[in-house]
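The values are calculated or read from the model by the stated rules, or taken from the named source; none is laboratory data. Note that the structure is predicted; figures quoted are calculated from it, not measured. Please note: Cβ atoms are built from the backbone with ideal geometry, for glycine as well, and neighbour counts cover all protein chains shown.
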Amino acid sequence: MVKIGTTQGQRKLFFRLKKEKQKLLEEGFNPEPKLLSQRLGVSEKEIISMDQRLDNWDLSLDEPIKEDSNTKRVDFIQVETSSTEDTVAQKEIETILHEKIDVFKKSLNNRELNIFDRRIFSDSPETLQEIGEEFNVSRERIRQIESNIIKKMRVYFKEDMPDFDVISQG
């Protein structure tokens with residue numbers, strides 16, 4: 001367990017307070033807040049606050065919540081990390097999908113490819129209106145072309161990757 005202050009002054013005080021208290025005891029003085037505040041150049045209130053933080057007793061996460069309980073504190077901490085195997089598998093799937101998409105894009109004509117890149121495979125897709133104006137067609141026509149591209153892509157993936165349905169749902 002690590003206890004530190006939240007401000008630079010508190011962190012500085014955290015590291016210096018314990019040493020200064022020990023030093024005063026060795027010199028024969030009682031390490032009272034007033035004396036410590038004078039020596040460390042901080043308010044008595046800060047000394048008292050930090051001293052209370054340092055004196056708080058620590059709890060083990062492996063310790064049961066109650067004496068007659070088998071439930072540990074650590075059981076209440078949620079960690080949302082995936083296993084190394086899951087991470088590697090996800091990266092592998094992403095790589096395969098990117099390769100398959102590159103091959104799929106070669107089957108599209110120039111207008112379909114343009115719409116694919118600007119609408120389907122874009123982090124910030126352009127509007128149907130913007131693309132329609134460029135091709136001198138209605139936004140409805142662009143939506144139809146986009147819909148057909150998506151259908152073609154599904155067919156392509158289902159034929160080329162038998163497990164596509166499982167991957168696309170995960």
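Residues that are over 30 Å from the mean Cα position of the chain (by Cα) and of a type in the set (A, V, I, L, M, F, W, C) within segment 97-122 comprise VAL103, PHE104, LEU108, LEU113, ILE115, listed in sequence order.
Tell me, please, whether a residue that is acidic (Asp, Glu), part of a loop (DSSP other than H, G, I, E, B) and at pLDDT below 70 can be found in segment 66-75.
Going residue by residue through segment 66-75, those that are acidic (Asp, Glu) are 67-68, 75.
If we keep only those that are part of a loop (DSSP other than H, G, I, E, B) as well, we get 67-68.
Among the residues that remain, those that are also at pLDDT below 70 are: none.
Looking for residues that are acidic (Asp, Glu), part of a loop (DSSP other than H, G, I, E, B) and at pLDDT below 70, one finds none in segment 66-75, hence no.
Going through (1) exposed (fewer than 12 other Cβ atoms within 10 Å of the Cβ); (2) modelled with pLDDT of 85 or more one by one, ILE115 falls short only on (1). Figure legend. Inter-residue proximity from segment 88-117: first residues touching a residue at least 12 places away in the same chain (Cβ under 8 Å), second residues assigned to a helix (DSSP H, G or I) and of a type outside the set (A, V, I, L, M, F, W, C), beta-carbon distance below 7 Å, spacing 6+ or different chains. Indicated pairs: LYS100/ASP160; PHE104/TYR156; ILE115/GLU146; PHE116/LYS105. Per the conditions (1) surrounded by fewer than 14 Cβ atoms within 10 Å (Cβ to Cβ); (2) at pLDDT 85 or above; (3) assigned to a helix (DSSP H, G or I), the sole criterion not satisfied by ASN30 is (3). Of all residues in segment 88-112, exactly one satisfies the criterion of being surrounded by 13 or more Cβ atoms within 10 Å (Cβ to Cβ) and assigned to a loop (DSSP other than H, G, I, E, B), namely LEU108.
Quick one: is GLU126 at pLDDT 90 or above, in a loop (DSSP other than H, G, I, E, B) and either assigned by TED's automatic domain parsing to the domain that holds ILE96 or surrounded by 15 or more Cβ atoms within 10 Å (Cβ to Cβ) (or both)? Write out each step before concluding.
Details: at pLDDT 90 or above: yes; in a loop (DSSP other than H, G, I, E, B): yes; either assigned by TED's automatic domain parsing to the domain that holds ILE96 or surrounded by 15 or more Cβ atoms within 10 Å (Cβ to Cβ) (or both): yes.
Answer is yes for this residue.
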